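Nothing in this text is a laboratory measurement; each read-out follows from the coordinates by a stated rule. These numbers come from a predicted model, not from an experiment. A quick note on method: Cβ atoms are made from the backbone with ideal geometry, for glycine too, and the neighbour counts reach across all protein chains shown.
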Protein chains: 2
Amino acid sequence: MAYTIEFEPVGRRGPGPEGGTLLDAARALGVDLASVCGGGGTCARCKVRVVAGAVTPVTAREAGLLAAAELAQGYRLACLAAPLGDCRVYVPPESLTALQRTQVEGLEVPARVRPAVSARVVRLAPPTLDDLRADDERLCAALPRGARLPDVEAARHATLVLRELGWQVRVTLRGREVVHVAAVDAPWLGLAVDMGTTKLAGYLVDLATGRTLAARGAMNPQIAYGEDIIARMMAANQGPDAARRMQALLTDAVGQLAAEACAATGARPAEIVDAVVVGNTAMHHLFLRLPVGPLMTAPYVPAVRAPVDVKARDVGLPLAPGANVHLLPNIAGYVGADHVAMLLATGMAEPAGSALAIDIGTNTEMCLAHEGRLTSLSCASGPAFEGAHISCGMRAAPGAIERVRIVDGRVEFKTIGDGPPVGLCGSGLLDAVAHLRYAGLLDRLGRLAGPGVRPAPEGGAAEFVIADEARSGGGRAITVTQHDIQELLLAKGAIRCGIDTLLQEAGITAGGLDRVIIAGAFGTYIDVENALAIGLLPAVAPDRVAQVGNAAGTGARLALVSRARRRQARDLALRVRYLELARAPRFARNLAAALTL
Amino acid sequence: MAYTIEFEPVGRRGPGPEGGTLLDAARALGVDLASVCGGGGTCARCKVRVVAGAVTPVTAREAGLLAAAELAQGYRLACLAAPLGDCRVYVPPESLTALQRTQVEGLEVPARVRPAVSARVVRLAPPTLDDLRADDERLCAALPRGARLPDVEAARHATLVLRELGWQVRVTLRGREVVHVAAVDAPWLGLAVDMGTTKLAGYLVDLATGRTLAARGAMNPQIAYGEDIIARMMAANQGPDAARRMQALLTDAVGQLAAEACAATGARPAEIVDAVVVGNTAMHHLFLRLPVGPLMTAPYVPAVRAPVDVKARDVGLPLAPGANVHLLPNIAGYVGADHVAMLLATGMAEPAGSALAIDIGTNTEMCLAHEGRLTSLSCASGPAFEGAHISCGMRAAPGAIERVRIVDGRVEFKTIGDGPPVGLCGSGLLDAVAHLRYAGLLDRLGRLAGPGVRPAPEGGAAEFVIADEARSGGGRAITVTQHDIQELLLAKGAIRCGIDTLLQEAGITAGGLDRVIIAGAFGTYIDVENALAIGLLPAVAPDRVAQVGNAAGTGARLALVSRARRRQARDLALRVRYLELARAPRFARNLAAALTL
């Protein structure tokens, strides 16, 4: 029996799948309910409050994961509660994945504009009884020697368009291959996409000038299957249909981004004649529907490492009929095309001196350039910086505390959007830990003690109040707990261990780094001084640290407007030496050292 | 209201489409009811007898097209009669398109077996923590330098199969591109297909030896939209969905042929790693879903003339995941890839002396090779040789009279299958006309007169009885009418006009021809002496005439097993000069002369 479920305040209402949970209903109705574990009943991120209607009884697992006060108020985990009749369900802000600060800003790196496609205007004589050449012959004869029209979709479109436009057209070539025929004055567009595990960023680019005409961000809709990439790979690995569904979620969202960016400039997606897509290796494989089984089991090798060219239509993107999508190469199972794009955007191919580039996320990739050699590695930094596994944690969405200072024992903070605080995002947590340390409330091992530190209400470890019940927007105090500090230390320790391993491998110290580049959403918003203070970054002068925003998106745009940059990306991927962190000789020692403050 | 219609003796029964005609019901139920005009009520080929149940009243058009005796027996045209309740309908043999002699036999022309794909057995080391190469890198490193795995479907399949088969596989390459990975001992197969307007012929070939393992024929299911190619192009031209439907009819049937040929040898279509498809330009365009509008309007230019390579999956053929389909080039709107294949198979690329090759059909294509120059043209010979527009005409199906002799005023005949005669097929009609002429019953202008010639029963012109009511299997006399003779003369005249035009262009006479090659279904079964006698062929010694069967299918097989032959086909298509018959200087005079006996 399917019941009608109403989700508030998002205002979605409709039948859930028969026999399904509230999470299933949320997915079916397009409610962006968070789920890190993919519905496994372990992450407790899909917390909702049942306002009206009957659901299945509280499970033992929920009793363990939810506070008594929450249970009393009707809070449940959506993945463990199933409706027994029509229901009304309240989704608290921290359980939503959407409404986050999307990340489209990035460096504009000048590149000589010479895309992989070229354009040429031709005027053809129409066929007559004295000139019976076929359309393909006629068109190619007017183009540089060797031009061909091998793609059937492009040929189909050309035959119609040539007649519609009176045999005067702009032809888009990719090498010698005609990929598109359009009106002489139609927009000539390219699309660059960075597919993050959490967020998607799309850029609409004028291929003639290289200018970005519009940028749009969106949530990665696969998040409904888990914020964790492993949960999504497991879902995709269920079988061909599951993989197809996971691919479609992604490509539909990319198509939607393209449509929105086009709408903003009065253009149409069918005017996009070339595209570049980057993402980590898992996103790359999910986008192409390549098998992800081997990515989930040691030794974690990708199915495809080389750059891929695929027709946009073959991945379900409705761009120009013959348009290609180029995916930059991967380096390893956990160092993907987005890392290559980041290296491209940050000038790591030809760095002046020694440089370290880091893209911080659930998985953090980094690359050290030293004496012309590039070495990359990946470390599992976990979702703490994205607010997961943190008692009052949330993503960088409106209401998240993103800045914290402790001045003379008094806590000051700033929220995203400047409204009442509802939780703590990664940069806020990092600030809080640094300031607790400055204030002497935290020792080297990360133990909380001193004035203002109180025992957590339900017993257990200590906590420090950032915003009390009165100041909080959610009606409960926003605190940093002893557990949260351990989570942050684990994340920070993993990253720092990676950095130290790279430096040791190269035989240099942090002082020998000319440049430290921090890319990605989280890295853009952190306070560098605090990051240095807690030891997330090694001891470098703060003025050598650059925060560059979405460098992967910038790299994708570079590869879109410059075929030389595309070649450079291919060469980069082959040049980079991949280091398996866990197999580095001093891994355990580095990690232990990095876990302290 | 949808009524249940039962077609006998074929034994199909089910609801017809609501408001539809008996023809619509036949199509919906898969009854292969003939329809030359595509349901336009003009060809009278879809004649059926309503045995039980009520249908709409006889129309004026039917009253004109059907004999009074037929109307009295309940005969109707299925395209003009709609059921008014459940019906039982008898389909006479001559109204069926199926059960015909399918045409798969053809020359076996020796070619050095070196297909467009090559095979290589590799044994790979599985990935370990010390060897983290991605699957594509690992595979390509074991292959000749420059090998790549650019196709995502092939890569997807490879990742699964490499692990299933323990990293020991046979790799199929097309140039440097990996198209398939399979077990070392799996069959290594190719598919060659000749798509005729009426019939499809499929050949399953062992690519290692070049041997044809199985050959299968089937009717072209598009015939439900009209036997005439124009009717099908008009149907496809209705819009994208219509074109898609017309394509799917064809590709599904080709897939079915492949499956049947595989079943006969214990193989699977997924083991077919390469394919070559030929057909006339219209079939080529319908198969690829290229626009056919320009093929239907002067000056009749194709959308694509160059050879096409398309992934089998992109045309809906479930062969090996990365398998390609190669379509030989077209020459002109009415001289297509099947003509090129015929030239390939009959050695017209390098003929010894002067040669004329003819493929007789509704549209007849021919090519003259003289002094190293090749000239081709096409003429609209009409469907008379296929039994259409002939009073007792039928296709070359069981019961068709295929041989006729008049010996001492007595008629002798032979039917296909040797059962009772139900009609006259093309070769029988040709024999009948020749023997009527030998017997002095037909003058030079084709007028019937003399002993045995009687007035047609319903008045009108004269007719000659081949089989009277007593001998006929259908219960009515099988005759040749004055009208039939005119139809034959038109067909013969068109072809002969083409031949004469080619000879005049080259400045030679028929005596200068070293070889006349007759290809195709009809041409295989005609009596050459009689064809010479009625002037279908010009005056050459009978021993210079060769009947070669389905040369187009043979050409497709050659291009499948030999990449040199594939190149030769491409060069041939560029070398052949296309002559527009109607614009030849002596066209009208040649045609007038050719219309006599």
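In terms of surrounding Cβ atoms within a 10 Å radius of their Cβ, B:PHE413, A:PHE385, B:PHE587 rank from fewest to most as B:PHE587, B:PHE413, A:PHE385. Cα-based values for the protein assembly as shown, radius of gyration first and Dmax second, are 37.7, 130 Å. When peptides B:589-596, B:286-293, A:553-560, B:473-480 are ranked by their average number of other Cβ atoms within 10 Å per residue, the highest-first order is A:553-560, B:286-293, B:473-480, B:589-596. Taken residue by residue and averaged, Cβ atoms of other chains lying within 10 Å of the Cβ of B:311-320 number 1. For the residues of B:144-156, the average number of beta carbons from a partner chain within 10 Å of their own beta carbon is 4.
Taking R0 as 56 Å, what FRET efficiency do you get between B:ALA449 and A:VAL184 from their Cβ-Cβ distance, rounded to the nearest 0.05? In this case the efficiency is close to 0.25. For the rotational copies B and A, the chain B residue with its Cβ nearest the relating axis, together with that separation in Å, is B:ASP314, 4. Other protein chain C-beta atoms within 10 Å of residue C-beta, averaged over B:324-333: 1. Sorted from shortest to longest, the distances between the A:GLU164 label points of this copy and the other copies are 4.3 nm, with each point 7 Å from Cα along the line through the beta carbon. For chain A, the spread of Cα positions along the three principal axes, ordered from largest to smallest, is 95, 66, 43 Å. With contacts taken as Cα pairs under 8 Å and at least 6 residues apart, the stretch A:380-485 reaches a relative contact order of 24 percent. A cut-off of 5 Å between modelled amide H atoms, ignoring neighbours fewer than 5 places along the same chain, links A:MET219 with A:LEU200.
For A:ARG120 and B:THR596, a Förster radius of 41 Å and the Cβ-Cβ distance give a FRET efficiency of 0.15, rounded to the nearest 0.05.
Globularity index of the stretch B:358-409 is 1.62 (Cα radius of gyration / 2.2 N^0.38 Å, N = number of residues). When you restrict to C-alpha pairs under 8 Å that are six or more residues apart and normalise by the size of chain B, the relative contact order lands at 13 percent. Principal axis analysis of the Cα atoms in the stretch A:507-581 yields extents of 41, 30, 22 Å, listed in decreasing size. Globularity index of the stretch A:4-95 is 0.94 (Cα radius of gyration / 2.2 N^0.38 Å, N = number of residues). Taking other C-beta atoms within 10 angstrom as a stand-in for reagent exposure, B:GLU227, A:GLU62 fall in the order A:GLU62, B:GLU227, fewest first. The ranking of B:ASP484, A:ASP274 from fewest to most other beta carbons within 10 Å of each one's beta carbon is B:ASP484, A:ASP274. A full extension of the chain between A:ILE508 and A:ALA298 corresponds to an added length of 72.5 nm, given 0.36 nm per residue minus the alpha carbon distance.
Here the sum of -39500 (n - 2.57) over DSSP H runs of 4 or more residues, divided by the residues of the protein assembly as shown, equals -8500 deg cm²/dmol at 222 nm, to the nearest 500.
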